[in-house]
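Trainee: Please see the structure below; I have some questions.
Derivation of every value follows stated rules applied to the coordinates shown; laboratory data play no part. Here the structure is a predicted model, which is why all the values come from computation and not from measurement. So basically every Cβ, Gly included, is an ideal-geometry build from the backbone, and we count neighbours across all protein chains shown.
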Amino acid sequence: MDDAKRVMLIKTDPEAGMAGLMDDHMGLVCSIVRGRLGGVCTKEDIEDCVSEVFAEFYRGINNFSPEKGTVKALLCSIAKHRAASICQKASRAAGNIPLDEAGNELPGGGPSAEELAAAKEKRRKLITAVEALGEPDRSIIVRKYYLCESSKSIADRLSMTVSAVDTRAHRALGKLKKVLEGINDE
Amino acid sequence: MNNNDIEKLLELASSEEADRLLEGIDAAGMDAGETDTGKVRKAVFEKCGIEEGRREAFPQPARGRKIRRFKWKRVLAAAAAVLLFAGACLGAWALIRENREYKTALAFFEEHDLPAEGLTRQQIKDVYKDISTNNFADPMSEKVLTAYANNLRLSEDMIYVGTNVKTNSDYLWRLSNNIASEPYSVGLIAGESLLYDGNVHFEREWTGLEYEGHATGFNEKCTFEKYVGGELIWSVDFPLESVEVYAPVSDGVLAAGVTDIINAENAYVQVESHDKLDEAERLREKFIAEELPKYADHAVQRRFIAKINDKGEVVFKKYFNVTAPKYNSADYYDYIEFESILFETPEGYALLEPGGHNYRAFVLTSFSRGGDFIGSVNPSLGEYGNLRLQWAAPSENGAVALLSPDYVTYNSIAPDPVTFSVVRIGFDGSVTELCTFTAPYTGFKLNSIAEQGGKVWISGYRFTEGNVGVYEMQSIVAEIWANIDRWSSDDGILVPSDYLTPRVRALYEAKLFVLESDGAPVEVLSVPGAIGSFLSIGANGELIWNADSITSTYYSPATSSFQVGGTCSVERYRFASPADTPKAEQTGALVQFRR
């Protein structure tokens, strides 16, 4: 079912629409959330986060615009943000403020507009570099570092051995690092 | 920059960026793992206020109830209205989607300066898809990329593509965007395009050892890989070891290296910024206390020789303790071009490396066919004056080597043409002088030697504006800055390749010499705009010479290690004898140019 039909179905028949959405994307969302919260939160917290992702999608269904991306991409984006936010809260609750966020707690310690712009630019270059990797390296990197799939699962899907996946991921990462280090160097 | 950084960068991707990342990724059927999906589903319905099983709860018609006559006309009219509305919605959706695709494709064309004139909307979208997915199968892509390459004013022979590439478009795309070819993307720079016969190529990559998500100063492993025609054939890991030198032999490849030294003195843990140095120190102390005991075997360095067969299986790996005395590391790069070579001997294998007596000597270590250490000699080259062993290559009777005067270093400027001594080093370490060779120019950089057909061949390049070294780009940079207003823009200093490349090419001439018995150099071939690279011996005993032809360049004022970067296409020439006049074979390989 394409995105337009899916969204229309959710609007007209929420139960059937959301059930279909969850059938198609539950594994994807679970993988992302588990990849971020696994080892940090309980199984129940992870399940709660997954349900929040779908609920958030449902609440914002009227704002969905195909021009801004696909349903799958929107779900991924929500899952990433939700999981990161929960992870942060969990760390704080445990008294462990992640090193890279410690500065944000101080007045005026958050990232400046310039820093945000630089991070955005860096991300833009990274995504362009990921796109330029070519297959299967692009899929491996996206699956491993964006969708948080295990090497074994990726190997099964791409009909490769686990070591081949890891070797290719390692080499592709090297290339991406070079691109980003190039940015830093410049 | 580590894996976590990449994950974190991707974590903040917007849904538009996520869309780009997920293009073509089939995420359906991904495993939900231990998640109780039924529970999640129930929670979602609750949170969304959706009444589960609502449809099943609808009242069903009771048996025997009178069914009213269907009002077909009304139903048909309603259905037609719904269909019309749905059609309009879908049509609008299709238009929006088409417009979005076209805009994305056009932005891609603009970003890469690809000419879009004369192309239809559909063609622009098709070419974008073809290039951005690395498919390179659409003939229109080749036309667009050829037009782009022509705009760069590259000569026809540069644009000509050999057979060792996926498609012409793939090659042109890499050429136009300074992307080195896949198998040659790591560490290979112009003058070092070591492609053995049949396009066999080896790569070494190091993976850093991480501790609690931070980089340490140590390597976790060195991955040694073999490629044929760009395809990965095998990959062998050397954990906590580094492959320093390798050489293909008749039934595999030899690799020699060292075990990594992991001790408290060299330990450090990298942090993100200077204000976290206390954290770095704390992690370092923790690493020393908790992790170092695991690496007790690595307190002292050992050396190893290994052989890997054509299937990627390690036939043997043997450790030995001979150490060639080295200069201290600060001097190392200034003085030494040549590190070491491995080659076959009648008894097995040998490792020849410079070392001892301030490099006025060498160490020749012999091994059996099974890799067992046989012996080692460390003769002095003192009788040949203040000469260092700087280049060597295997030959039929041992190795042929060039000894250079003390003052010849990569970064130095030799005031006069340099005279080298050409010697043969026997399997037993004996040294016999064959002749002396005087470089014909002051600006001559020697990159490789070989012995074939009883003659010594020398590859290098002539730098046409003086001496080789760190100042090679001086005149180019001066010219750019003399007209800096012309190149300055909001995006920085942008000097187009069509301006820069011809100027850079004019500075270089790849040179291949063969030496007469008295050492007189006879020029066999000269390739303008190129850098003479490695020499090797082909399967049929022919000499193979790679010339790295500069094809595109860019000015890079903000990088510390180079000022002009670019790409060279690797051209190959084969000689059975110096009298041959071979044509260039385009290998399709691209290597980096950085000066």
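Trainee: Per residue of A:162-171, count partner chain C-beta atoms within 10 Å of its C-beta, then hand back the mean as an integer.
Mentor: 3
Trainee: Right, next: Can you sort B:Ile233, B:Ile425, B:Ile262 from fewest to most other Cβ atoms within 10 Å of each residue's own Cβ?
Mentor: Final ranking by Cβ density, sparse to dense: B:Ile233, B:Ile262, B:Ile425.
Trainee: Consider just the alpha-carbon atoms of the range B:538-588 and return their Rg together with their Dmax, both in angstrom.
Mentor: Cα-based Rg and Dmax for the range B:538-588 come out at 15.7, 47 Å.
Trainee: Find how much the distance from B:Ala579 to B:Ile374 grows on full extension, using 0.36 nm per residue of separation minus their present alpha carbon separation; answer in nm with one decimal.
Mentor: Length gained, B:Ala579 through B:Ile374: 69.7 nm.
Trainee: Let me ask you something else. From the cross-link list A:Lys125/A:Lys175; A:Lys72/A:Lys177; A:Lys144/B:Lys39; A:Lys144/A:Lys177; A:Lys175/B:Lys221, which pairs have alpha carbons spaced over 19 Å apart?
Mentor: Listed pairs above 19 Å: A:Lys72/A:Lys177; A:Lys144/B:Lys39.
Trainee: Would you please name the GluC sites (Glu not before Pro) within the range B:438-523 that are DSSP coil residues with at most 16 other C-beta atoms within 10 Å of their C-beta?
Mentor: Those that pass, being in a loop and sparsely packed, are B:Glu465, B:Glu516.
Trainee: Around B:Ile305, under 9 Å between beta carbons, what's the net of Lys plus Arg minus Asp minus Glu among the other residues?
Mentor: It works out to a net charge of +4.
Trainee: Once you put a point 7 Å from the Cα of B:Ala482 and another 7 Å from the Cα of B:Glu7, both along the Cβ direction, what distance in nm separates them?
Mentor: In this crude label model, B:Ala482 to B:Glu7 measures out at 5.4 nm.
Trainee: Which of the peptides B:574-580, B:89-95 is most tightly packed, and how do the rest follow, going by the mean number of other Cβ atoms within 10 Å of each residue?
Mentor: Most protected by this proxy first, the peptides run B:574-580, B:89-95.
Trainee: Still on this model: Just list whichever of B:Lys42/B:Lys129; A:Lys152/B:Lys103; B:Lys8/B:Lys307; A:Lys80/A:Lys152; B:Lys317/B:Lys455 have alpha carbons separated by over 29 Å in the model shown.
Mentor: B:Lys42/B:Lys129; A:Lys152/B:Lys103; B:Lys8/B:Lys307; B:Lys317/B:Lys455
Trainee: Per-residue mean of other chain beta-carbon atoms within 10 angstrom of the beta-carbon, peptide A:69-82?
Mentor: Averaged over the peptide's residues, the number is 6.
Trainee: What is the average number of partner chain Cβ atoms found within 10 Å of a Cβ in A:55-61?
Mentor: 3
Trainee: Here's another thing I want to ask about it. Could you list B:Val144, B:Val363, B:Val456 so that the one with the fewest beta carbons within 10 Å of its beta carbon is first and the one with the most is last?
Mentor: Least to most surrounded, the residues fall as B:Val363, B:Val456, B:Val144.
Trainee: Just for the Cα atoms in the range B:507-595, what are the lengths along the principal axes, largest first, rounded to whole Å?
Mentor: Projected onto its principal axes, the Cα set of the range B:507-595 covers 47, 30, 18 Å.
Trainee: Order of B:252-259, B:588-595, B:534-541 by packing, highest average Cβ count within 10 Å first?
Mentor: B:588-595, B:252-259, B:534-541
Trainee: If the viscosity is 0.692 mPa s and the temperature 37 °C, what Stokes-Einstein diffusion coefficient in µm²/s follows for the range A:109-179 when Rh is the Kirkwood radius over Cα pairs?
Mentor: The calculation lands on 251 µm²/s.
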